[in-house]
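Here's the structure, in structure tokens; my notes come after.
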Amino acid sequence: MNDTDRLAARPQRRLWLYLLPLALFAVVAGFLAYGLTRDARVLPSALIDRPAPEFALPPIPGRDTHGFARTDLGGEPQLVNVWASWCVPCRAEHPLLTRLAREEGVIVDGINYKDQTEDARAFLTKLGDPFRYIGQDRDGRVAIEWGVYGVPETFVIDREGRIRYRHVGPLTPRDVEDRILPLLRELGLGAS
């Protein structure tokens with residue numbers, strides 16, 4: 001290679017040095033743009049269509065003596081709601097859970113997440129208690145097994161005790177009418 005060829009090759013190398021960061025930026029921006037188009041409430045769960053994890057939680061003292069365990073799942077389609085008294089969105093969705101239990105005949109069980117006993121009882125006394133069973137998950141261990149990111153989260157459980165749907169965040173009337181109730185009916189709500 002002569003001197004003229006070497007001089008001609010230098011601008012091409014410099015061009016690649018400028019284009020490479022731009023190309024990397026475009027790839028990263030593309031991934032970020034794709035992520036912004038996704039619904040944040042629809043988070044993937046490895047538990048969908050699998051049996052709920054094994055667990056056994058103690059009751060909220062003063063509410064009942066049953067608690068909540070894996071053996072309580074199945075037989076009927078139902079909801080499992082992960083909630084806490086300190087959670088503002090949990091308060092917002094609570095009337096919907098109450099309506100589902102009282103008016104639609106939906107079995108609603110609860111996992112009380114990292115809560116103080118007195119606060120959980122006061123929450124239920126003030127807002128109503130739509131839950132059949134509640135287990136107190138004081139250290140959050142069971143919520144981790146269920147893959148919970150935060151409260152509230154609601155799971156639809158089928159007759160065999162498998163998790164069929166996961167809703168992250170507070171339920172809204174639209175969520176209930178468009179997704180939760182149709183799925184529960186498809187799974188046989190009220191068919192027994």
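Quick look at the numbers
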{"quantity": "Qualifying residue in segment 114-124 (condition: at pLDDT 95 or above and within 23 Å of residue 49 (Cα to Cα))", "calculated": "no"}
{"quantity": "Of residues in segment 117-136 being aliphatic (A, V, I, L, M) and surrounded by 22 or more Cβ atoms within 10 Å (Cβ to Cβ), the one farthest from residue 78 (Cα to Cα)", "calculated": "120"}
{"quantity": "Test: residue in segment 101-116 that is in the same structural domain as residue 174 (by TED's automatic domain parsing), exposed (fewer than 14 other Cβ atoms within 10 Å of the Cβ) and not in a helix (DSSP H, G or I)", "calculated": "yes"}
{"quantity": "So residue 185, is it out of contact with any strand residue (DSSP E or B) (no Cβ under 8 Å at 6 or more places or on another chain) and loosely packed, with under 14 Cβ neighbours inside 10 Å", "calculated": "yes"}
{"quantity": "All positions within segment 169-182 that are touching a strand residue (DSSP E or B) at 6+ places or on another chain (Cβ under 8 Å) and either buried (at least 18 other Cβ atoms within 10 Å of the Cβ) or part of a loop (DSSP other than H, G, I, E, B) (or both)", "calculated": "169, 171, 180"}
{"quantity": "Hits in segment 137-155 (condition: outside any loop (DSSP other than H, G, I, E, B) and either surrounded by fewer than 23 Cβ atoms within 10 Å (Cβ to Cβ) or not assigned by TED's automatic domain parsing to the domain that holds residue 104 (or both))", "calculated": "141, 143, 144, 145"}
{"quantity": "Residue count, segment 125-136 (criterion: part of a helix (DSSP H, G or I) and within 21 Å of residue 50 (Cβ to Cβ))", "calculated": "0"}
{"quantity": "Residue that is touching a residue at least 24 places away in the same chain (Cβ under 8 Å), touching an Asp or Glu at 6+ places or on another chain (Cβ under 8 Å) and among the small types (Gly, Ala, Ser), where the choices are 92, 122, 84, 101", "calculated": "84"}
{"quantity": "The one condition in (1) assigned to a helix (DSSP H, G or I); (2) in contact with a strand residue (DSSP E or B) (Cβ under 6 Å, 6 or more places away or on another chain); (3) not polar (S, T, N, Q) that residue 92 fails to fulfil", "calculated": "(2)"}
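The values are calculated or read from the model by the stated rules, or taken from the named source; none is laboratory data. Only a predicted model underlies this, so the values are computations on that prediction, with no experimental measurement involved. Note that each Cβ is placed from the backbone with ideal geometry, even for glycine, and that neighbours are counted across all protein chains shown.
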